[in-house]
Structures are given as C-alpha cells and as structure tokens.
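> Please find one structure pasted underneath; my questions will follow.
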Amino acid sequence: MRTLGPRGAVFLDRDGTINAKAPEGDYVTEPGRLTLLPGATHAIRRLNDAGALVIVVTNQRGIALGRMTDADLEDVHAQLRSILEEEAGARLDAIFHCPHDAGACLCRKPAPGLIYQARAWRPEIDLARSIIIGDSRTDWAAGQRAGLSTILLGRDASDLAAAVDALLSRPAPFRRRFPPQRGLHLVMP
Ligand SMILES: [Mg+2]
Ligand SMILES: [Zn+2]
C-alpha cells in the first residue's frame, strides 16, 4: 500500500464504511435510518486534522429505482454532516454520489467516474497519492482503475478507524522516495 501524500485525497465509501448498510436490497432513504459505525466520526476527524481532503464516493441506486429522491439523499447527507460535526468536529470536504442503475453510467462503482468528478472539482488532487477506503470490492476496483491506493475493509483493515490508523502511521511517500540529502549540503561551499 502506498501512502497518502501532498495533494492526496482520501476517498471514502459511505454504506458499510461510515454508516451501517441498509439490509440487502434496501437503502438508507431518510435521516432516521442513518446509523454511523463505531469510531467513524473520530476517524474522519483525524483525516481532517492530518490535512487530507476527505471525499465520499457513494453508489445510491435507490434513486434510480424510485426508492428515494435526490432531496431525500440530501437530507441523509445533511444528517451525516451534522452527526460528524456534533460527535467529533469532523467534516467531509465533498460527497459525490451515483444515482444511476447498474450498467447505465460511468460513475457507479466499480467505474471510477465519481473519483474523476472529484478531481474535476479539485484539479490539484494527485490521484497517485490518494487512497480509497471501502468495504466492497467495487470500491477497491474503482480505486484501482483510477490509480489510487486502496484499503478494503474486512481484508486490509477491520474498520474505518483501523484503516485510518494504518494510513496515518506510515511515513509520507515523498520522504521515502526522496530522502533529505543533508550530506549534499555539507560538502557544498
Ligand atoms: Mg460500502
Ligand atoms: Zn452513475
């Protein structure tokens, strides 16, 4: 796993990563159905404090299926932001969602479209120094296609808090690749 670097962003899946998944075939259709997973709020706060852009990329096919509207999703995300702020003073820099049905677009993960939307929003994001954390192989695959590092929950880390621990405990890649050359300065006049 590469590490987060300058201009790196942390892309987070939502359902099963930040909040509990709805039962199979169901969706988090209203704020009252949003339950955050243990440790998630503080993990995101730690990413904020580390200076990373924190960007949620989430498939919300329930919109295409008529189970909820864009406005419902906005309400859920307002609630998510409110819980993050209240519990940990944490924030999300952006949320990109795919409202489409499977096979209908270039943004539903495992396609990398949401990641590219984020880079269009903030062109300074260096994808090769960015990472995606998610609980599904589709998150992993979207990250692979966009050239991100990946942490697959349940395989590489137990949960978001553990993933953030692993990410923040590693040295910055520029330090590894380009170690300070103090000796060079010592021999120069
Ligand atoms: Mg998920
Ligand atoms: Zn889409």
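Any read-out appearing in this document is the output of simple, stated calculations on the displayed coordinates, not a laboratory observation. Being a predicted model, the structure only gives us computed values, none of them experimental. Methodologically, a virtual Cβ is constructed for each residue, glycine included, from the backbone with ideal geometry; neighbour enumeration extends over all protein chains shown.
> If you take the Cα atoms of the chain, find Rg, then find the Kirkwood Rh from the mean of 1/r over all pairs, what is Rg/Rh?
Value, to two decimals: 1.03.
> Which of Asp101, Asp13, Asp49 moves most in a GNM of the chain, Cα contacts under 10 Å?
Between Asp101, Asp13, Asp49, it is Asp49 that shows the largest mean-square fluctuation.
> Further question: Please figure out what share of the DSSP beta bridges in the chain is antiparallel and state it in percent, rounded to the nearest 5.
Numbers: 1 of 19 bridges.
Of those bridges, close to 5 percent are antiparallel.
> Ignoring GluC sites (Glu not before Pro) that are buried or in helix or strand per DSSP, and keeping those with at most 16 other beta carbon atoms within 10 Å, what is the longest stretch of the chain between them?
Working: sites that count: Glu24, Glu124.
It runs 25-123.
> Here is a further query. For a quick check: sort Trp140, Trp121 by the number of other beta carbons within 10 angstrom, fewest at the front. Can you show the working numbers first?
Values: Trp140 23, Trp121 13.
Fewest-to-most ranking of Trp140, Trp121: Trp121, Trp140.
> Can you tell me which of Gly25, Gly16, Gly103 moves the most in a GNM of the chain? Springs connect C-alpha atoms under 10 Å apart.
Gly25
> What are the ³J(HN,Hα) couplings of the range 131-139, residue after residue, when phi is run through the Karplus curve with 6.51, -1.76, 1.60 and θ = phi - 60°? Round to Hz, x for glycine and proline.
Along the range 131-139, the couplings run 9, 10, 10, x, 9, 10, 5, 5, 5 Hz.
> Starting with the fewest neighbours, write out Phe11, Phe96 ranked by other beta-carbon atoms found within 10 Å of each beta-carbon.
So the residues, fewest neighbours to most, are Phe96, Phe11.
> Also: With angles folded into 0 to 90 degrees, how steeply does helix 70-88 sit against the dominant principal axis of the chain? Use alpha carbons for both and round to 10.
Tilt relative to the chain: about 50 degrees.
> Could you give the size of the charge dipole of the chain about its Cα centre, using +1 on the Cβ of each K and R and -1 on the Cβ of each D and E, expressed in debye and rounded to the nearest 20?
Working: 24 positive and 22 negative charges, 240 e Å.
Computed about the Cα centre, the dipole is about 1160 debye.
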